[in-house]
Amino acid sequence: MRFYRVAILLLISTASVAQTQSFRLPLEIPPAFSGTFGEIRSDHFHSGVDLRTMGKVGFNVFAIEKGFVSRIKVSPVGFGKAIYIDHPNGKTSVYAHLDRFTGKIAEYAENAQYQKPSFEIELFPNPGELPVNKGDIIAISGNSGSSGGPHLHLEIRETVSQHILDPFEFFNEWRQTDIYPPVINRLLVFEIDSLSYLLNSLTYKAYETIKRGSDFTLPFPVNASGKVGLALYYYDTVNPNSFRAGIKKAEMKINGIKTFTFQVDKFSFLETRYANGFNGITDNGWSGYKAIRLWTYPNNKFSGITHVIDHGIIDVAKDSTYIVDIRVWDHSGNSSKLTFKILGVENKAIAERMPNLPLFKWNAENTYKTRSYMVRLPENALFHDILFQMSESQPDNFPYPIVTVHNSKTKLFKKFTLEYNTSNIAENLLGKLYIAKINGKGFTYVGSEPAKNSIKAICNSFGKYTVMIDTIAPSIIAQNLIPNAKITSQSSISFKLIDNTGIKTYNGYIDGKWVLFEWDPKTGILLHNLNPKRTKRGQWHSLKIVVTDMLNNNSEYSTKFYW
Ligand SMILES: [Zn+2]
């Protein structure tokens, strides 16, 4: 009898494993990760896994299951070149930052690019158009779009909702080789009282953990008073070839009661900016460690935060003891525990005077004006109420005033509008003015949308902004082309484009006809692959490149070449 029960249990468990094991690996090199699902990044939760490709482009990318190509996207930013495949089991796999597509997919995409004509395309093929079998080579791995180095970004989505799922749930091989639980390195204790909270200038104390057996603890209890919030510095290892990765779940219990749970199983793109509700007050990149905060703000409605009591904030009373039990899980189910005590001590805080600053409510629209700038924050832009600070100055070496919009440590859920009053600006300059973000010593173009007596920009983050003028057209520098030369041995033509605001349009023409030039803003390279199907061999051709920048300053380059 007993034997039968064991046999049935085994059958059930292999059945459920078999179901999740149906996907094959997308690469044929040993799995190594530079990012995992749900990692907290600037403005988003990481929506897939980043598979390392030995620091180079050029590996075959395989369809993980049969299905059909449901979407193809080519963009100089974001995912770069990306393929979406819908599978019969209701899941969609996404392969991003590809170097190039292969076979029928490549042909289909290029035809659409010439038809539009544009390098940037987004296509939604019908189910019958581009069927794929499990294991088909669909593309070559790359570094396209906003990628920080060669890798394959792989995503698994629920086809109907386009909600993003944890790819580790679908590849047993990754989980089975992961025997490394997360390492909890440090505990941070934030003192949350009303004024420093409203000013976003929370201070914290850091405690190094010690390892006892397989768990972590602190060498002594934490003394605290009043409201405190906790955070961890940690990292997780998937396997020795991988970089330090994030976790899947964190749970905190105070005196045995769950007061905070963070878990990323599935999320929608609409909530991805809730990641900013975890950013800002801890330095996420500290010495290669990751940070996870175990308390939250009123406007952080991320679906992965559950079991929250008092936003995860602990109100420490004098002479009371709190047993804190924190557990974190990686994507393969390995977990680590940190346990320690908080002792309530006398609150020595001195009453601070409320500064004379406007109180911005997170659930209201807020506006503020200085002499020449105005900000407008939509409802729910903030994660919590803040005492807002904004000031304007005119340094000698700047053509227009600098405005400091609050504090770059305060992260936003929604973007805000910044307007600059142009009523005193000469008419001939109006179309050449733009709002720039000041990053250290550099400037980044943000926007130049004309409005009534002003220009405006949609801004992603608080910080320093100014207004600049751009009347300089982009530079077009030939990389492998001497004017009027024979280039019969070449397979491509490339140019370097340089501009201070950024390239808005880029078009190339051979013998008067539009040809596909690929644009990569990371490297500043504009590249055309010569193709005998489109350009005749053994004759002279005319070439023209037309480029505009964000302020519509226009440059052209023309020559002849023999190929
Ligand atoms: Zn990625």
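The values are calculated or read from the model by the stated rules, or taken from the named source; none is laboratory data. Note that this is a predicted model, so its numbers are computed, not measured. Cβ: placed from backbone, ideal geometry, glycine included. Neighbour counts: every protein chain shown. Accessible surface is based on the protein model in full, side chains and every heavy atom, while ligands, DNA and RNA are left aside. Shrake-Rupley method; radii C 1.70, N 1.55, O 1.52, S 1.80 Å.
I'm trying to understand the selection: among the residues of region 21-54, which are within 16 Å of the ligand (Cβ to nearest atom), open to solvent by 40 Å² or more (accessible area, probe 1.4 Å) and either under 18 Å from residue 243 (Cβ atoms) or among the small types (Gly, Ala, Ser) (or both)?
Across region 21-54, the qualifying residues are 41, 42, 52.
Considering only region 58-85, how many residues are surrounded by fewer than 21 Cβ atoms within 10 Å (Cβ to Cβ) and under 21 Å from the mean Cα position of the chain (by Cα)?
Here the count works out to 6.
I need a count of the residues in region 55-84 that are of a type in the set (Ser, Thr, Tyr), part of a loop (DSSP other than H, G, I, E, B) and more than 15 Å from the ligand (Cβ to nearest atom).
Quick first cut of region 55-84, residues of a type in the set (Ser, Thr, Tyr) only: 70, 75, 84.
After this cut, where a residue has to be part of a loop (DSSP other than H, G, I, E, B) as well, the list is 75.
Then keep just the ones that are more than 15 Å from the ligand (Cβ to nearest atom); that gives none.
Residues in region 55-84 being of a type in the set (Ser, Thr, Tyr), part of a loop (DSSP other than H, G, I, E, B) and more than 15 Å from the ligand (Cβ to nearest atom): 0 in total.
So, in region 148-165, of the ones that are in a loop (DSSP other than H, G, I, E, B) and closer than 29 Å to residue 22 by Cα, which residue ends up nearest to the ligand (Cβ to nearest atom)?
150
May I ask you to say which residue of 216, 119, 124, 168 is modelled with pLDDT of 95 or more, within 30 Å of residue 341 (Cβ to Cβ) and among the aromatic types (Phe, Trp, Tyr)? Let's see the steps before the verdict.
Values: 119 fails: within 30 Å of residue 341 (Cβ to Cβ); 124 fails: within 30 Å of residue 341 (Cβ to Cβ); 168 fails: within 30 Å of residue 341 (Cβ to Cβ).
Only one candidate qualifies: 216.
Can you tell me which of 308, 324, 328 is surrounded by 16 or more Cβ atoms within 10 Å (Cβ to Cβ) and modelled with pLDDT under 95?
Values: 324 fails: modelled with pLDDT under 95; 328 fails: modelled with pLDDT under 95.
Only one candidate qualifies: 308.
Can you list residue pairs whose Cβ atoms sit under 7 Å apart, with the first residue in region 514-529 being closer than 17 Å to residue 117 by Cα and the second being at pLDDT below 95? Count only pairs 6 or more apart in sequence or on different chains.
Correct list of pairs: 515/534.
Starting from residues that are within 29 Å of the chain's Cα centre (by Cα) and acidic (Asp, Glu), keep the ones in region 408-453 and report whichever is nearest to residue 554 (Cα to Cα).
449
Sort out which residues of region 481-511 are open to solvent by 50 Å² or more (accessible area, probe 1.4 Å) and more than 20 Å from residue 111 (Cβ to Cβ), and write them in order of number.
Here is the first cut: in region 481-511, the residues open to solvent by 50 Å² or more (accessible area, probe 1.4 Å) are 482-484, 486, 488-489, 491, 496, 498, 500, 504-505, 509, 511.
Matches in region 481-511: 482, 483, 484, 486, 488, 489, 491, 496, 498, 500, 504, 505.
Among the residues that make up region 120-139, is at least one of them open to solvent by less than 10 Å² (accessible area, probe 1.4 Å) and either under 30 Å from residue 416 (Cβ atoms) or within 16 Å of the ligand (Cβ to nearest atom) (or both)?
Looking through region 120-139, at least one residue is open to solvent by less than 10 Å² (accessible area, probe 1.4 Å) and either under 30 Å from residue 416 (Cβ atoms) or within 16 Å of the ligand (Cβ to nearest atom) (or both).
Cβ-Cβ distance below 8 Å, separation of 6 or more or different chains: which pairs start in region 121-137 with a residue that is outside any loop (DSSP other than H, G, I, E, B) and end on one that is of a type in the set (Lys, Arg) and open to solvent by less than 80 Å² (accessible area, probe 1.4 Å)?
121/73; 122/71; 122/73; 123/71; 123/73
Which of the residues spanning region 260-273 are touching a residue at least 60 places away in the same chain (Cβ under 8 Å), hydrophobic (A, V, I, L, M, F, W, C) and not in a strand (DSSP E or B)?
Answer for region 260-273, where residues must be touching a residue at least 60 places away in the same chain (Cβ under 8 Å), hydrophobic (A, V, I, L, M, F, W, C) and not in a strand (DSSP E or B): 264, 269.
How about region 516-563: which strands (runs of 3 or more DSSP E) wholly inside it have at least 2 residues that are under 30 Å from residue 448 (Cα atoms) and not assigned by TED's automatic domain parsing to the domain that holds residue 493? Step through it out loud before you land on a result.
On the way: elements: 518-520, 525-529, 540-549, 554-562.
Passing ranges: none, list empty.
Which of the residues belonging to region 265-277 are within 19 Å of residue 160 (Cα to Cα) and open to solvent by less than 10 Å² (accessible area, probe 1.4 Å)?
Just the residues of region 265-277 that are within 19 Å of residue 160 (Cα to Cα), to begin with: 265-272.
Scanning region 265-277 gives a single hit, 267.
Which residue is nearest to the ligand (Cβ to nearest atom), if the candidates are limited to region 88-103 and must be more than 16 Å from residue 121 (Cα to Cα) and open to solvent by 10 Å² or more (accessible area, probe 1.4 Å)?
91
Does any residue in region 277-290 that is more than 14 Å from residue 202 (Cα to Cα) come within less than 7 Å, Cβ to Cβ, of a residue that is modelled with pLDDT under 80 six or more places away or on a different chain, and which pairs are these?
290/284
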